[in-house]
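Since the structure comes first, as structure tokens, the remarks are kept for the end.
The values are calculated or read from the model by the stated rules, or taken from the named source; none is laboratory data. What you are looking at is a predicted structure, and each value in this text was computed from that prediction instead of being measured. Cβ coordinates were reconstructed from backbone atoms using ideal geometry, including for glycine residues, and neighbour counts include every protein chain displayed. Just the protein is used for accessible areas: all its heavy atoms, side chains included, with ligands, DNA and RNA removed. Shrake-Rupley method; radii C 1.70, N 1.55, O 1.52, S 1.80 Å.
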Amino acid sequence: MKELGNATFENYVGMEQGFSEMGYQIVAHILTLGYAVMLAGLFYFILTMKTVAPRYRISSVLSVVVMVSAFLLLFKQASNWSDAFQFNAEKGRYFLAAGADLFNNGYRYLNWLIDVPMLLFQILFVVALTRSNFASIRNQFWFSGAAMIITGYIGQYYEATSPTAYFIWGAVSTVFFIHILILMNRVIREGKEGAPEKARKVLSQIWVLFVVAWMLYPGAYLMPHLVGIEGAFFSEIGVVARQITYTIADVSSKVIYGVLLTVAARAMSKQEGYDYKEMTA
């Protein structure tokens, strides 16, 4: 395998085997779908902000921030994919374009560095902590969230050149990820106390969504070695599967998560006497 430095394995596949028309277009379309959903989510959170009591609206504001960040950086990611690979008519496949910037999953990591703290902070403005200290949980969310992304960002540069460094950085990132899961579980358990029945059910759904959606990220991180980094068939499948997995995880952990938080906040608002439907009837 020729050397491209610490490039991600998508570039090695694009240089050695190239991508079939189907594989290339699936990735292009899934990346487009990703930023399009973020744009739709942006409008949703803006238009539904007043359906919850003022005290809960900061959660919607944070969702708006997440949507703008995700839309801009995922749009750049999609453009990066289109620019990095070029169709070779003679071979009927897409190969790494000469002189073009390499494809880089780092755009996603930059997006997550902005979004992950916001996503974790959101729930703190919806639930009421009964035993934990708000500032302490917030700071722990910020520290572990940022550390998880930064260490993962470093690790992804070694996926094709140094498996040892790749797995070490991935393991370090996983430690922070586990800490976030523990904190989120605590926040949701405390948040259910005193909440109306509908809000408790939604918070339970949020916990399941959080675990499932966030577990997809390490799976996508490990994709090059789960499907095999060598061989045209498996390598192309790995590239396509990774981008589909990342996109499903992003939509679930940002858009669907934000919508569920809005539903929970609406139920809590109604219990407190703020019923937007009645007010606008």
Of (1) open to solvent by less than 30 Å² (accessible area, probe 1.4 Å); (2) of a type in the set (D, E, K, R); (3) over 22 Å from the mean Cα position of the chain (by Cα), Asp115 satisfies every one except (3)
Residue pairs qualifying under the 6 Å Cβ cut-off, at least six apart or on distinct chains, with the first in the range 98-123 being under 18 Å from Ile154 (Cα atoms) and the second being modelled with pLDDT of 90 or more and surrounded by fewer than 18 Cβ atoms within 10 Å (Cβ to Cβ), are Tyr107/Lys76
With criteria (1) touching a Gly at 6+ places or on another chain (Cβ under 9 Å); (2) of a type outside the set (Lys, Arg); (3) surrounded by fewer than 20 Cβ atoms within 10 Å (Cβ to Cβ), Tyr94 comes up short on (3)
Subject >> Flag for Ser162 being at pLDDT 95 or above and of a type outside the set (Lys, Arg) >> reply: no
Of those in the range 50-91 that are part of a strand (DSSP E or B) and over 27 Å from the mean Cα position of the chain (by Cα), the residue surrounded by the fewest Cβ atoms within 10 Å (Cβ to Cβ) is Asn88
Exactly one of Ala128, Ala160 is part of a loop (DSSP other than H, G, I, E, B), within 22 Å of Pro218 (Cβ to Cβ), touching a residue at least 40 places away in the same chain (Cβ under 8 Å) and aliphatic (A, V, I, L, M), and that residue is Ala160
From the option list Tyr44, Tyr35, single residue qualifying as touching a residue at least 24 places away in the same chain (Cβ under 8 Å), in a helix (DSSP H, G or I) and open to solvent by 50 Å² or more (accessible area, probe 1.4 Å) is Tyr44
The lone condition Ala195 fails out of (1) outside any helix (DSSP H, G or I); (2) touching a helix residue (DSSP H, G or I) at 6+ places or on another chain (Cβ under 8 Å); (3) open to solvent by 20 Å² or more (accessible area, probe 1.4 Å) is (3)
Note: among Val251, Val255, Val187, Val240, just one is farther than 30 Å from Ile168 by Cα, open to solvent by less than 40 Å² (accessible area, probe 1.4 Å), β-branched (Val, Ile, Thr) and not in a loop (DSSP other than H, G, I, E, B), namely Val255
Only one of Ile168, Ile178, Ile182, Ile206 is in a helix (DSSP H, G or I), modelled with pLDDT of 95 or more, touching a helix residue (DSSP H, G or I) at 6+ places or on another chain (Cβ under 8 Å) and open to solvent by 40 Å² or more (accessible area, probe 1.4 Å), namely Ile168
Here the qualifying pairs (Cβ atoms under 7 Å; residues six or more apart or on different chains; first in the range 49-64 and in contact (Cβ under 8 Å) with a residue 12 or more places away in the chain and aromatic (Phe, Trp, Tyr); second part of a helix (DSSP H, G or I) and surrounded by 20 or more Cβ atoms within 10 Å (Cβ to Cβ)) come out as Tyr56/Ala265; Tyr56/Met268; Tyr56/Ser269
